[in-house]
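The values are calculated or read from the model by the stated rules, or taken from the named source; none is laboratory data. Every value quoted in this text rests on a predicted model; they were computed, and no experiment measured them. Cβ atoms come from the backbone with ideal geometry, glycine included; neighbour counts cover every protein chain shown.
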Amino acid sequence: QVQLVESGGGLVQAGGSLRLSCAASGRTFSAYTVGWFRQLPGKEREFVAVTSWSDSVPDYADSVKGRFTISRDNAKNTVYLQMNSLKPEDTAVYYCTAKFLGGRDTSETRFDYWGQGTQVTVSS
């Protein structure tokens, strides 16, 4: 079992940056593939980024490539999402997610644990 708590959301102007954090409970965080999804207003939840437990090689949605960076600090049981050059269309609730072992899946159905979400609002 792992519990996830996101933080770092807020209101930012277009072109600005935010860093989201996700703190995980448990002693085997390094064995979890972790990722970020987001849910835009009126839309279904969509994949943003993922990093594997085995090699930490990331994968990104095309819409955020080159602007967002996922990273993890296993010593702190924390995964981050650095978001740069934010656009109004990035406005969403961002969710941290995790699964034990496994690959860099981009489908939310493949993940077992979810945080409560943090709101990111980008003004134009």
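Structure notes:
Residue-by-condition table, conditions (1) among the acidic types (Asp, Glu); (2) in contact with a strand residue (DSSP E or B) (Cβ under 8 Å, 6 or more places away or on another chain); (3) within 14 Å of Asp105 (Cα to Cα):
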| residue | (1), (2), (3) |
| --- | --- |
| Ala23 | no, yes, no |
| Ser30 | no, no, no |
| Pro41 | no, yes, no |
| Glu46 | yes, yes, yes |
| Thr51 | no, yes, yes |
| Val57 | no, yes, yes |
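- Considered as a group, the residues in the stretch 22-50 that are within 11 Å of the chain's Cα centre (by Cα) and in contact (Cβ under 8 Å) with a residue 60 or more places away in the chain include one that is farthest from Asn84 (Cα to Cα), and that residue is Val34.
- Scan of the stretch 76-92 for residues that are in contact with a strand residue (DSSP E or B) (Cβ under 6 Å, 6 or more places away or on another chain) and either among the hydroxyl-bearing types (Ser, Thr, Tyr) or free of Cβ contacts under 8 Å to residues at least 60 places away in the same chain (or both), ordered by number: Asn77, Thr78, Val79, Tyr80, Asp90, Thr91, Ala92
- Taking the stretch 1-116 and the strands (runs of 3 or more DSSP E) fully enclosed by it, the elements with 2 or more residues that are of a type in the set (Gly, Ala, Ser) and surrounded by 14 or more Cβ atoms within 10 Å (Cβ to Cβ) are at 18-24, 92-100.
- Screening the candidates Phe37, Phe29 for the property of being at pLDDT below 95 and closer than 17 Å to Ser7 by Cβ yields one hit, Phe29.
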